[in-house]
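Take a look at the structure below.
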Amino acid sequence: MRRSLGWIVALGAMSVACALLGLAIGPVPIPFAEVWRALIGTSTDADVTTIVRQVRLPEVLTAGVAGAGLAASGLVMQTIFRNPLAGPSVLGISSGASLGVALVLLLPPTLFVAPIPREALSIVAALAGALGVLVLIVLADRRVGDGITLLIIGLMVGYLCSAVISVLQTASLAQSLKGYVLWGMGSFAGMDLPRLPWLVVPVIAGLVVAHVLIKPLDALLLGETYAQSLGVHVLRTRRLAIWTTGVLAGTITAFCGPVSFLGLATPHIARALVRTNAHGVLMPVSMLLGAVLAIGCDLVVRAPGYAAALPLNAVTSLLGAPVVLWVLLSGRRWARSSTA
Amino acid sequence: MSAMLHTEDLTIGHGHQAVCAGIDLQVRTGELVALLGVNGIGKSTLLRTLAGLHAPLAGRVTVQGADLATRSARDRARLVSIVLTGRPDTGLLTVDALVALGRQPWTGPWGRLSAADRAVVDAVMERTGTTALRTRALRDLSDGECQQVMVARALVQATPVVLLDEPTAHLDLPNRVRIVRLLRTVVREDAKAVLFSTHDVQLALDLCDRIVLMRRLERPWSGTPDEAIASGALEQAFAGSGIRFDRASGTHRFLP
């Protein structure tokens, strides 16, 4: 317990440190002292204040919140489906969200009525797509009830969505196509302060609910029947978990694109660190680790030295895949937990 | 003595398919009862129905006089605990954390253990001989150790009724005896009512207070081990399967 508390404190400190780095590093490097002055509003340089407050702060906050949210949704899914491969990008949830966004971004603008801004619409569409796929997965889970089949179903749903998206792509305008492709690479940038609450509020709500789920998720480690015998409403827990992961993954995908790997990999790395799967420890550790990894990846994305920003998904996969492989192949049995 | 666990004209089954009907069962406080019957006769279904995990097709289950169906899931979990067959895949979970999960019906919304909860867990682990296993994972244990841990988890739940589905399956003889003797001690010392299904007829005859026999197309038979042999009920339940009961010695032999 003391060991896990140590990890929580260390990861908390690391996420703050990464966030400060995120504010300082970029095309225009800014010294930490200047960053601090810009944050508290005593900087004399208007440009620095703008860069720190309007550009980098929203980006760092977006990365932190999205990382924490993806990690939490991955962890909840891995326990609920009793499957170590579950995660927003594996079960087709990101694909569903992508399809929703593609429909909004790629269909001719004349199809949409003016009063609703496209951006708001694409968020709703991403949420609807994510929840739609989740409901499908749940129904399938009811019928087949085994993890491998479920993953195959998730893959098939992903293929279906990609197929529809590519048909849409061929028929769309070059301008809208570029917008969609950029969104699909994933990015924590481009967020501004006024829009930030639309991401932060649903994700924080999701993270709170994820903490409420800690006790029933622990019981579910024993399997559904044991959980039921311990007084857990399994069906209610499942539904709540699915709504939570849907809102988390859907909102984050809408704003940041289908960010790969973080949702799947973070809980595994967290388990390897704290060597437990009790959710009271694993949930906060995964969230903090997710925030650290996301901010870290974002730093790599826009590190000085090259002209354009790297695609976020390339970075998360380049960092994430070797880590997961190392965790799986390092021969430590504790890392190869087959259930969450 | 009053019945702790009681069923009235209970019909059990899945969906609309009844497995067994007209079950009038009583398990009294301080009684260790074995549930015998051939494979597929409905022992597991009966145990799950008694735990409130399956809805009865008809009739009712009462614990301490309260109808189980009218109680909340949490209340049910405070009245009846169950040990299922098989070893759950709990990954990295330590034995200590696993056993502590049994306190869930008594803990608050975050599942945090109070000092009192912790004391219950420690006492039960000491008593079940699982203290030395506390930092191990379930998958690293032998079948015997695993069963002790699962029994400990149920006892930690501190319910007046404990149900166990084939707790002696896959165990060697000394471990089988150890588990049933542990159950006997618990029943006597804690005034619990314990019902477990088993295929160890001899163990049931020697160590249990009463035997319930599930029979095809008939209501379950219930009585003391002596009555089970003397009345020929046991012989009848396993009729035609090449087993002969010696009524004089209370033992059975297998026919070649």
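The values are calculated or read from the model by the stated rules, or taken from the named source; none is laboratory data. Just so it is clear, the structure is predicted and the values come from calculations on it, not from any experiment. Glycine also receives a Cβ, built like all others from the backbone with ideal geometry; neighbour counts cover every protein chain displayed. Side chains included, ligands, DNA and RNA excluded: accessible areas come from the protein's heavy atoms. Shrake-Rupley method; radii C 1.70, N 1.55, O 1.52, S 1.80 Å.
The set of residues in the range A:159-214 that are over 30 Å from A:Val234 (Cβ atoms) and touching a Gly at 6+ places or on another chain (Cβ under 7 Å) comprises A:Trp183, A:Gly184, A:Met185, A:Gly186, A:Ser187.
Each row is one residue, and each column tells you yes or no for (1) buried (at least 24 other Cβ atoms within 10 Å of the Cβ); (2) not hydroxyl-bearing (Ser, Thr, Tyr).
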site: A:Gly158; (1), (2): no, yes
site: A:Cys161; (1), (2): no, yes
site: A:Val164; (1), (2): no, yes
site: A:Phe188; (1), (2): yes, yes
site: A:Tyr226; (1), (2): yes, no
site: A:Arg238; (1), (2): no, yes
site: A:Ala254; (1), (2): yes, yes
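Residues of the range B:198-256 that are farther than 22 Å from B:Asn39 by Cβ, assigned to a loop (DSSP other than H, G, I, E, B) and at pLDDT 90 or above: B:Asp209, B:Thr224. Would you confirm whether or not the range A:174-185 contains a residue that is assigned to a helix (DSSP H, G or I), within 14 Å of another protein chain (Cβ to nearest Cβ) and of a type outside the set (Ser, Thr, Tyr)? Among the residues of the range A:174-185, not one is assigned to a helix (DSSP H, G or I), within 14 Å of another protein chain (Cβ to nearest Cβ) and of a type outside the set (Ser, Thr, Tyr), which makes the answer no. Before we move on, is A:Asp192 out of contact with any Cys (no Cβ under 8 Å at 6 or more places or on another chain), open to solvent by 20 Å² or more (accessible area, probe 1.4 Å) and more than 14 Å from every other protein chain (Cβ to nearest Cβ)? Spelling it out, A:Asp192 is indeed out of contact with any Cys (no Cβ under 8 Å at 6 or more places or on another chain), open to solvent by 20 Å² or more (accessible area, probe 1.4 Å) and more than 14 Å from every other protein chain (Cβ to nearest Cβ).
Okay, residues lined up against (1) open to solvent by 30 Å² or more (accessible area, probe 1.4 Å); (2) modelled with pLDDT under 80; (3) of a type outside the set (Asp, Glu); (4) not in a loop (DSSP other than H, G, I, E, B):
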residue: A:Met287; (1), (2), (3), (4): no, no, yes, yes
residue: A:Ala294; (1), (2), (3), (4): no, no, yes, yes
residue: A:Cys297; (1), (2), (3), (4): no, no, yes, yes
residue: A:Val300; (1), (2), (3), (4): yes, no, yes, yes
residue: A:Pro322; (1), (2), (3), (4): yes, no, yes, yes
residue: A:Trp326; (1), (2), (3), (4): yes, yes, yes, yes
residue: A:Ser337; (1), (2), (3), (4): no, yes, yes, no
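A:Leu39 meets the conditions (1) surrounded by fewer than 16 Cβ atoms within 10 Å (Cβ to Cβ); (2) within 20 Å of the chain's Cα centre (by Cα) in every case but one. The failed one is (2). With respect to (1) farther than 25 Å from B:Glu126 by Cα; (2) in a helix (DSSP H, G or I), the lone exception for B:Glu189 is condition (1). Whether a residue is in contact (Cβ under 8 Å) with a residue 60 or more places away in the chain, among the small types (Gly, Ala, Ser), assigned to a helix (DSSP H, G or I) and touching a Cys at 6+ places or on another chain (Cβ under 9 Å) was assessed, and A:Ser98 passes this test.
All conditions but one from (1) open to solvent by less than 10 Å² (accessible area, probe 1.4 Å); (2) assigned to a strand (DSSP E or B) apply to B:Ala152; the one that does not is (2). Residue count for the range B:139-159, restricted to those that are within 14 Å of B:His170 (Cβ to Cβ), within 13 Å of another protein chain (Cβ to nearest Cβ) and over 15 Å from the mean Cα position of the chain (by Cα): 1. Within the range B:144-185, being of a type in the set (S, T, N, Q) and within 17 Å of B:Leu5 (Cβ to Cβ) holds for B:Gln157, B:Thr159.
Pairing each residue of the range A:224-249 that is within 10 Å of chain B (Cβ to nearest Cβ) with any residue that is surrounded by fewer than 24 Cβ atoms within 10 Å (Cβ to Cβ) and at pLDDT below 90, provided the two are 6+ apart or on different chains, yields C-beta distances under 6 Å for A:Glu224/A:Val234; A:Ala227/A:Val234; A:Gln228/A:Val234. Each residue in the range A:234-284 was checked for being touching a Ser or Thr at 6+ places or on another chain (Cβ under 7 Å), of a type in the set (A, V, I, L, M) and more than 19 Å from A:Asn83 (Cβ to Cβ), and 4 of them qualify.
Here B:Pro109 fulfils each of the conditions (1) surrounded by fewer than 15 Cβ atoms within 10 Å (Cβ to Cβ); (2) more than 10 Å from chain A (Cβ to nearest Cβ); (3) closer than 17 Å to A:Ser229 by Cα apart from (2). Scanning the range A:152-205 for residues that are in contact (Cβ under 8 Å) with a residue 24 or more places away in the chain, among the polar types (S, T, N, Q) and over 24 Å from A:Met287 (Cβ atoms) returns A:Ser162, A:Gln169, A:Ser172, A:Ser176. In the range A:286-306, which residue that is in contact with a Pro (Cβ under 9 Å, 6 or more places away or on another chain) and not hydroxyl-bearing (Ser, Thr, Tyr) is farthest from the other protein chains (Cβ to nearest Cβ)? Top of the filtered list is A:Pro304. Within the set B:Arg215, B:Arg103, B:Arg153, B:Arg112, the sole residue that is touching a helix residue (DSSP H, G or I) at 6+ places or on another chain (Cβ under 7 Å), of a type in the set (D, E, K, R) and farther than 29 Å from B:Ile23 by Cα turns out to be B:Arg103. Looking at the range A:218-235, is at least one residue under 23 Å from the mean Cα position of the chain (by Cα) and more than 21 Å from B:Gly91 (Cβ to Cβ)? No, that holds for no residue. Please specify each residue of the range B:93-106 satisfying the condition of being within 8 Å of chain A (Cβ to nearest Cβ) and open to solvent by 20 Å² or more (accessible area, probe 1.4 Å). If the condition is that a residue be within 8 Å of chain A (Cβ to nearest Cβ) and open to solvent by 20 Å² or more (accessible area, probe 1.4 Å), then B:Thr94, B:Ala97 are the ones that fit. Of everything in the range B:66-92 that is in contact with a strand residue (DSSP E or B) (Cβ under 6 Å, 6 or more places away or on another chain) and open to solvent by 20 Å² or more (accessible area, probe 1.4 Å), the residue that is farthest from B:Asp143 (Cα to Cα) is B:Asp67.
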